[in-house]
Amino acid sequence: MSELLVDFITSLDGYASGEGWPGFWGLEGPEYLAWLGEQPEITYLMGANTYRLMSGFAAGEVPDGQDEFRPEEEASVDELARASKVVFSSSLEEPLTWANSTLVRDDAVEAVRAMKSSGSGLLSTIGSLSLCRSLLRAGLVDRFRVVMFPVITGATGEERIYDGYPDVALEMIEHRTFDGRIQMVEYKPRVLEHPPLYVPA
């Protein structure tokens, strides 16, 4: 049976990106990059918006405000190009142009449920905030990992990650600090029907 990881990189205040900031907020370091390189083989899950963005990067489109990719960003895009990717979308057309990408038009929750039960290895989301939220609500997420970069993007932050989430209890299973400034926390999530002290009327 496959294991499903929801994997986010965020600012301290919970944004997935920020206008005018480079990838990794420009704060990645050698320990963090080495750890990324040690990750097991992964099948990445994403929605249409993330696919359009990341496949554009793979085709050479650089983020707004940059003239070119930094080496760290280029290596990350190259790694994703080699990995298996499953894209959930009713709007994209086949064939997908990004290498190793498979388009799935079926309901994402049911498709991932089937992938988990019939497969092996690690499934991981990348970006795709609404997909992650749906998979979590459905109780399909085995591990919830957040890598927090030491920056607050209150003025420029984009894509607030946790808006629309249910209440979730998190049991920590791993934590680590990279390069003396980047904090990784990993949890086993459990969606709550109500807060612990809630008393139904």
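The values are calculated or read from the model by the stated rules, or taken from the named source; none is laboratory data. Here the structure is a predicted model, which is why all the values come from computation and not from measurement. Every residue, glycine among them, receives a Cβ derived from its backbone with ideal geometry; neighbour counts consider all protein chains shown. SASA here: full protein model, heavy atoms, side chains in, ligands and nucleic acids out. Shrake-Rupley method; radii C 1.70, N 1.55, O 1.52, S 1.80 Å.
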Test result for G56, more than 15 Å from the chain's Cα centre (by Cα), under 28 Å from M148 (Cβ atoms), at pLDDT 90 or above and of a type in the set (G, A, S): no
Members of the range 159-189 found to be surrounded by 13 or more Cβ atoms within 10 Å (Cβ to Cβ), not in a loop (DSSP other than H, G, I, E, B) and not aliphatic (A, V, I, L, M), listed by number: E159, R160, R176, F178, Q183, E186, Y187, K188, P189
Tally, over the range 181-201, of residues that are without any contact (Cβ under 8 Å) to a residue 40 or more places away in the chain and of a type outside the set (A, V, I, L, M): 8
F24 vs. criteria closer than 27 Å to T177 by Cβ, at pLDDT 75 or above, surrounded by 14 or more Cβ atoms within 10 Å (Cβ to Cβ) and not small (G, A, S): yes
First in the range 131-143 and free of Cβ contacts under 8 Å to residues at least 40 places away in the same chain and farther than 10 Å from R113 by Cα, second anywhere and assigned to a helix (DSSP H, G or I) and open to solvent by 10 Å² or more (accessible area, probe 1.4 Å), Cβ under 9 Å, 6 or more apart: S134/A108; S134/V109
Neighbours by Cβ (under 7 Å, 6+ apart or cross-chain): first from the range 90-113, in a helix (DSSP H, G or I); second open to solvent by 20 Å² or more (accessible area, probe 1.4 Å) and β-branched (V, I, T): A111/V104
Filtered residue count, the range 80-89, keeping only those that are open to solvent by 20 Å² or more (accessible area, probe 1.4 Å) and part of a helix (DSSP H, G or I): 2
Residue within the range 118-130 that is among the small types (G, A, S) and part of a strand (DSSP E or B) present: yes
